[in-house]
Amino acid sequence: MATSSRLAGVGAFVLGGLALFAVGLFMIGDRQMAFSDKVVVFTEFKKITGLQPGAIVRVSGAKAGSIQSIVPPNTPSGKFRVELDIVEDLHQLVRTDSIASIETEGLVGGTFLGVSTGSDTAAVVAPNATIAGKEPFDVADLMQQMGDTVVKVNATIDGLKDDAQRAVVAVADTVENVNMLIVDVSPQLKRITASATEISASTSMLTANAVQIADGIRGGKGTIGKLLNDDGLYTRISGIAKQTEDVATNAGVLVTKARETLEGLQSKDSAINGMTASVRQTMDDARLAMSGFAENMEAMKRNFLLRGFFNRRGYFDLAQISPADYRKGALTAKSDRRAAQVFLASDALFESEPDSIGRERLSEAGKSALAAAIAPYLERLASGILMVEGYSQQGPAEERYLRSRVRASIVRDYLLGTFMLDPQNTGAIPLSAESPGSPGNVPWDGVALAVILPK
């Protein structure tokens with residue numbers, strides 16, 4: 001009897017172990033998408049930069065499959081051919097114009113293959129088809145570009161010194177020319193003033209004579225023939241005409257010299273224009289260097305050594321959060337955060353664009369509704385997160401996903417531009433038709449503003 005009981009216990013233990021092993025194997029396979037329907041797609045790269053078989057494949061940030069194999073090229077000029085599989089649920093997002101790129105989780109993080117969603121007008125990629133690959137950007141290339149930028153900046157500064165010296169010399173020459181112009185103009189101005197004085201005196205005399213003539217005519221003194229033959233009056237009129245001609249000639253010379261001076265300053269070959277071109281080149285190089293620095297900071301936020309620090313500070317890469325992780329509470333998992341939702345219907349926010357089929361835009365009433373909905377939270381958003389959730393109940397699954405994504409993006413862009421929100425802490429998430437927590441728990445069509453704040 002004891003032997004039978006022992007054998008029964010051993011058998012039950014073995015069966016229990018096998019059951020636990022089967023459950024664990026099933027859970028691991030489900031996590032690795034081993035039981036999902038998949039489509040095989042190929043892409044090609046000149047260099048794979050750390051990409052290995054088994055690496056994760058993401059479509060628009062969502063986990064979609066893994067790398068099956070990497071076939072090296074037969075010639076140095078050939079490309080590596082990468083075989084990847086994509087789950088059937090995300091296959092409709094991969095179009096013939098989609099681009100595959102090798103990406104990393106920060107500077108020293110893991111490597112994965114990202115596939116961008118194609119355009120709505122392109123066809124869905126067929127099984128065993130090849131999509132275009134975007135060559136990866138290497139850290140060594142970044143360092144080389146930074147070195148080249150430093151060399152260009154140093155050369156520009158040296159050239160700027162020479163241009164500045166030439167500009168100072170040109171300004172000094174200009175001042176000297178202006179002084180000479182003033183010296184030349186001063187006598188002419190004096191002559192013009194004297195001529196104007198003479199003209200004024202002659203005009204006064206002519207007026208007095210005209211008055212006398214008029215008085216004589218009214219008084220019946222003299223004759224009109226004697227007045228017309230008066231040589232003194234003719235002499236005065238001739239003198240006035242001659243003085244007026246001299247004044248006009250002197251003014252024309254002055255204007256000509258001033259025009260020549262201005263044309264010299266505005267010449268395209270002048271030192272001032274040369275200095276302006278050098279400063280513009282320096283600003284372009286500085287803008288390129290700042291763009292590279294911003295990319296490095298973004299990579300540091302994804303580094304597994306520094307990711308915890310940035311998360312505690314509130315730096316989330318909201319664009320990398322998938323709808324599945326968001327529904328599981330990726331942003332509210334910590335006990336010190338709580339979320340509040342404000343649901344807004346599509347007919348209260350959007351209107352159809354003129355001359356378009358199915359394309360939506362925010363209406364004026366929708367803008368007012370968004371302003372009223374976000375107003376109670378504006379003062380506290382500096383320490384929180386705003387997620388715009390998009391919902392759609394129309395059409396098949398892929399159409400609902402795309403429409404909900406477009407709606408969330410439109411609302412996010414409007415809130416960023418109107419209320420100057422922090423783009424780092426403002427995201428958009430497409431949730432398709434699933435809308436738990438909606439008013440009345442009915443399927444929601446529109447958007448919801450999810451405000452996540454510290455407790």
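Please determine, by comparing only the residues of region 377-397 that are among the charged types (D, E, K, R) and touching a strand residue (DSSP E or B) at 6+ places or on another chain (Cβ under 9 Å), which one is farthest from D347 (Cα to Cα). Per the criteria, the residue is R380. Consider region 83-101 and keep the residues that are open to solvent by 20 Å² or more (accessible area, probe 1.4 Å) and of a type in the set (A, V, I, L, M). The one that is nearest to the chain's Cα centre (by Cα) is I99.
Picking from residues in region 374-391 that are among the small types (G, A, S) and open to solvent by 10 Å² or more (accessible area, probe 1.4 Å), the one that is modelled with the highest pLDDT is A375. When only residues in region 155-177 that are open to solvent by 80 Å² or more (accessible area, probe 1.4 Å) and modelled with pLDDT of 75 or more count, which is farthest from the chain's Cα centre (by Cα)? Among them, the one singled out is R166. If you take the residues of region 15-47 that are among the β-branched types (V, I, T) and modelled with pLDDT of 85 or more, which of them is farthest from A126 (Cα to Cα)? Taking the candidates together, the pick is T43. Which of the residues that make up region 48-72 are open to solvent by 40 Å² or more (accessible area, probe 1.4 Å) and either closer than 13 Å to G114 by Cβ or not in a strand (DSSP E or B) (or both)? Within region 48-72, T49, G50, Q52, P53, G54, I56, R58, S60, K63, P72 meet the criteria.
When the residues of region 401-453 are filtered to those that are β-branched (V, I, T) and open to solvent by less than 30 Å² (accessible area, probe 1.4 Å), the one that is nearest to L362 (Cα to Cα) is V411.
Of the strands (runs of 3 or more DSSP E) lying entirely inside region 348-409, those containing at least 1 residues that are closer than 20 Å to A319 by Cβ and out of contact with any Asp or Glu (no Cβ under 9 Å at 6 or more places or on another chain) span 385-391. For the structure I just gave you, tell me whether E83 is in a strand (DSSP E or B) and over 25 Å from D317 (Cβ atoms). Yes; evaluated as a whole, the condition is true for this residue.
Within region 48-59, being of a type in the set (V, I, T) and at pLDDT below 90 holds for I48, T49, I56. Residues in region 312-339 that are open to solvent by 30 Å² or more (accessible area, probe 1.4 Å) and modelled with pLDDT under 55: R312, R313, Y315.
The values are calculated or read from the model by the stated rules, or taken from the named source; none is laboratory data. Just so it is clear, the structure is predicted and the values come from calculations on it, not from any experiment. Neighbour counts run over all protein chains shown; Cβ positions are idealised from the backbone, glycine included. Quick note on the areas: whole protein, heavy atoms, side chains included, nothing else; ligands and nucleic acids left out. Shrake-Rupley method; radii C 1.70, N 1.55, O 1.52, S 1.80 Å.
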